[in-house]
Amino acid sequence: MASESITTSGYIKHHLQNLTFGEKHVESASGVWTSTGELGFAESAQEASQMGFWAINVDTMVMSLVLGGLMMWFFRRVAKSISSGVPTPAQNFAEMIIEFINDTVRGSFSGGKNDLVAPLGLTIFVWIFLMNLMDLIPVDFIPVLVAQGASLAFGVDPHHVYFKVVPTTDPNAPLGMALVVFALMLYYSFKVKGTGGFLAELSLEPFGKFALPINIVLETVTLLAKPFSLGLRLFGNMYAGEMVFILIATMYSASLVLGSVAALLQVGWAIFHILIITLQAFIFMVLTIVYMDMAHQRH
């Protein structure tokens, strides 16, 4: 949140902090953090880190659910009003996306028939694209609205209200989706190949039965790397893009000349970033389809 009373470093840190809800902690004079036993929102990055595993990044959850609901509302609305006559622009747009997903599935999924793969690919692509698209909203717009609303409604200091509008810049969201894909991959691996077939893949490939220990280590590492590479790739690209927008925003308060340069940089980076947000949604979807195809390959 832009403010004359905070430094550039503080401004950047503020925008990189999630709105975290969990067990409140206080810092003693000696620097030791202790729990208060109460639930509430973290007022600093240090307190948020002390809340531990069970803390919830409320901004990530809210934005993800709102955008997911928007996606479902749009496709349901189009499905209910679909016509065999002259299609509406919304129907044309939905059919274009669905046809694109179907073509991608036909080209990447050859392991058999699974009615879940295409809807899964559609959900992943559209949902991630919408979450990434939030990166094009000016970095101060929604955080300032949230901070002012919290200040008016609850009388809190607006400088202690954090709100990240891009869920994919929070590693919890991309890694959470990647783990769901990984769980589906394991489920269908056991279902299609059986326990023996799945274990045989881990122990007999790629060097055959005479190199069981090496095979197990290599295949286990390869298997476990899939969800991390899937989630961290999306997080890393979106986090870097958001950081560039934040750095550009800091130039507006420097001087009139730098502010003018920042306006040009912001437009240029936003145009380029449209390609990034689309590409990252596409990569996540394609890798999901490929992993599902691997789970259905019986050999």
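Values in this text are rule-based calculations from the coordinates and carry no lab data. All figures in this text were calculated on a predicted structure; none of them were measured in a lab. We place every Cβ from the backbone using ideal geometry, glycine too, and count neighbours over all the protein chains shown.
Please state the relative contact order of the stretch 148-299 as a whole percent: Cα pairs under 8 Å, 6+ residues apart? Working shown, then result.
Working: 106 pairs, mean separation 45.3, N = 152.
Taking the mean separation of contacting Cα pairs over the length of the stretch 148-299, I get 30 percent.
Let's see if you can work this out: charge +1 on each Lys and Arg Cβ, -1 on each Asp and Glu Cβ, no other charges. What is the dipole magnitude of the chain about its Cα centre, in debye to the nearest 20? Present the calculation step by step, with values, prior to reporting the outcome.
Details: 14 positive and 20 negative charges, 205 e Å.
Approximately 980 debye in magnitude.
3J(HN,Hα) along the stretch 32-39, derived from phi through the Karplus expression 6.51 cos²θ - 1.76 cosθ + 1.60 where θ = phi - 60°, amounts to 8, 8, 10, 6, 8, x, 10, 9 Hz, with x in place of Gly and Pro. What is the percent of Cα-Cα separations in the stretch 24-83 that go past 15 Å? For the stretch 24-83, the fraction of Cα-Cα distances above 15 Å is 64 percent. Modelled label positions at S28 and T195, each set 7 Å beyond Cα in the direction of Cβ, lie 5.1 nm from each other. Here the simple spin-label model places points 7 Å from the Cα toward Cβ, and for I274 and V156 these points are separated by 3.6 nm.
The C-alpha atoms of the chain define a longest principal axis, and helix 58-80 lies at about 60 degrees to it.
Order the peptides 156-166, 44-54 from the highest to the lowest mean number of other Cβ atoms within 10 Å of their residues. Show your work: numbers first, answer last.
Details: 156-166: 18.7, 44-54: 14.7.
Peptide ranking by packing, descending: 156-166, 44-54.
On a per residue basis, the convex hull of the C-alpha atoms belonging to the stretch 177-290 measures out at 112 Å³. The Cα-based radius of gyration and maximum Cα-Cα distance (Dmax) for the stretch 159-229 are 17.6, 63 Å. Across every direction, the projection of the convex hull enclosing the Cα atoms of the chain has a mean area of 22.2 nm². With a Förster radius of 51 Å applied to the beta-carbon distance between S253 and S81, the computed FRET efficiency rounds to 0.60. Compared with the alpha-carbon gap, the fully stretched path from M294 to L212 is longer by 27.4 nm at 0.36 nm per residue. The C-alpha atoms of the chain define a longest principal axis, and helix 89-108 lies at about 50 degrees to it. For the pair the stretch 112-185 / the stretch 236-292, the C-alpha centres are spaced 15 Å from each other.
Helix-only estimate, please: 222 nm mean residue ellipticity of the chain, summing -39500 (n - 2.57) across DSSP H runs of length 4 or more and dividing by its residues, to the nearest 500. Could you put the intermediate results ahead of the total?
Numbers: 9 runs with 201 residues, N = 299.
After summing the helix terms and dividing by residue count, I get -23500 deg cm²/dmol.
Here's the list of lysines a cross-link from K24 could span, going by alpha-carbon distance under 22 Å and ignoring same-chain residues fewer than 8 apart: K13, K164. A simple spin-label model places the labels of I56 and F228 2.9 nm from each other, with each point 7 Å out along Cα-to-Cβ. Here the calculated FRET efficiency for F93 and E205, from their Cβ-Cβ distance with R0 = 35 Å, stands at 0.20, rounded to the nearest 0.05.
Here the peptides 221-232, 173-184 are ranked by packing, the mean other Cβ count within 10 Å, and the order with the highest first is 173-184, 221-232. Axis of helix 256-296 versus longest Cα principal axis of the chain: the two differ by about 30°, to the nearest ten degrees. For the chain, modelled as a GNM whose springs connect Cα atoms under 10 angstrom apart, the maximal fluctuation among S260, S203, S30 occurs at S30. Apply the a/c threshold of 1.5 to the C-alpha gyration tensor of the stretch 232-287 and tell me whether it is rounded, prolate or oblate. The shape class here is oblate. Listed by chain and number, the aspartates and glutamates placed with their C-alpha closer than 12 angstrom to that of K209 are E201; residues fewer than eight positions away on the same chain are left out.
Dipole orientation for the stretch 87-151: of the candidates L120, M96, A150, L120 has the Cα lying most toward the positive pole (charges on Cβ; Lys, Arg +1; Asp, Glu -1).
Counting Lys and Arg as +1 and Asp and Glu as -1, what is the net charge of the other residues whose Cβ lies under 13 Å from the Cβ of I277?
On the way: positive: none; negative: D135, E242.
Result for the local shell: -2.
Sequentially through the stretch 217-229, phi angles give Karplus couplings (6.51, -1.76, 1.60; θ = phi - 60°) of 5, 5, 5, 5, 4, 4, 5, 6, 6, 4, x, 5, 5 Hz, Gly and Pro residues having no value and appearing as x. Couplings for the stretch 190-202, taken from phi via the Karplus curve 6.51 cos²θ - 1.76 cosθ + 1.60 with θ = phi - 60°, read 5, 5, 7, 9, x, 4, x, x, 5, 5, 5, 4, 6 Hz in order; Gly and Pro are left as x.
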